[in-house]
Amino acid sequence: QVQLVESGGGLVQAGGSLRLSCVVSGLRMERYNVAWFRRAPGKGLEGVSCITKNDGKTYYPKSVKGRFTISRDDTRNTVYLQIDDLKPEDTATYYCSTDYDLNCAFAILDLGNYNFTALYDYWGQGIQVTVSA
């Protein structure tokens, strides 16, 4: 049974930082690309980061403007998302996701209401990040 569990969210003031964790079980994570998505109220899923399985290449959309850093520790089956200089517009539920065929370059494209949940097989339950002004 594949499970992804996010943690590390919470309420933080603008300008602060958070480090989200995604612990993966039920598969050998080193074989998978892993992405982080977020869903803000009234919006669709937005890919905010992705990291590849082989060389650890990272992908970010323009929207995060260098404030997000994804990393992975395959020995612990864990992917991290460091978010610095948090802004109120970062308020959202954050999800980690993986799939054997997950394409990082595609995952971070700004596609509006694209149905990523239908595309990728494995998702965490989501973790709330709330940023106050």
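The values are calculated or read from the model by the stated rules, or taken from the named source; none is laboratory data. Since we're looking at a predicted model, the values are computed, not measured. Using ideal geometry, Cβ is built from the backbone for each residue, glycine included, and neighbour counts are taken over all protein chains shown. Side chains are part of the model used for accessible areas, which takes the heavy atoms of the whole protein and leaves out ligands, DNA and RNA. Shrake-Rupley method; radii C 1.70, N 1.55, O 1.52, S 1.80 Å.
Computed quantities for the displayed model
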read-out: Whichever residue in the stretch 72-109 is assigned to a loop (DSSP other than H, G, I, E, B) and within 19 Å of Ala133 (Cα to Cα) and, among such residues, is least open to solvent (accessible area, probe 1.4 Å); value: Leu86
read-out: Condition check for Val24: touching a Leu at 6+ places or on another chain (Cβ under 6 Å) and among the β-branched types (Val, Ile, Thr); value: yes
read-out: Unique residue being of a type outside the set (Gly, Ala, Ser), under 15 Å from the mean Cα position of the chain (by Cα) and under 25 Å from Arg28 (Cα atoms) when the list is Thr117, Thr93; value: Thr117
read-out: Close pairs from the stretch 93-108: first touching a residue at least 24 places away in the same chain (Cβ under 8 Å), partner of a type in the set (Asp, Glu) and open to solvent by 10 Å² or more (accessible area, probe 1.4 Å), Cβ under 8 Å, at least 6 apart; value: Thr98/Asp121; Asp99/Asp121; Tyr100/Asp121
read-out: Those residues of the stretch 1-21 which are among the aliphatic types (A, V, I, L, M), open to solvent by 20 Å² or more (accessible area, probe 1.4 Å), part of a strand (DSSP E or B) and over 15 Å from Phe68 (Cα atoms), in sequence order; value: Val5, Leu11, Val12
read-out: Long-range neighbours under 6 Å by Cβ, at least six apart or interchain, first residue closer than 15 Å to Ala107 by Cα within the stretch 39-57, second open to solvent by less than 10 Å² (accessible area, probe 1.4 Å) and modelled with pLDDT under 95; value: Val48/Val64
read-out: Residue list for the stretch 22-37, filter: open to solvent by 20 Å² or more (accessible area, probe 1.4 Å) and part of a strand (DSSP E or B); value: Val23, Ser25, Asn33
read-out: Of residues in the stretch 110-129 being in contact with a strand residue (DSSP E or B) (Cβ under 8 Å, 6 or more places away or on another chain) and open to solvent by less than 50 Å² (accessible area, probe 1.4 Å), the one farthest from Val5 (Cα to Cα); value: Phe116
read-out: Test for Thr69: is it open to solvent by 60 Å² or more (accessible area, probe 1.4 Å) and assigned to a strand (DSSP E or B); value: yes
read-out: Whichever residue in the stretch 57-66 is modelled with pLDDT of 95 or more and either crowded, with 22+ Cβ neighbours inside 10 Å or not in a strand (DSSP E or B) (or both) and, among such residues, is nearest to the chain's Cα centre (by Cα); value: Tyr60
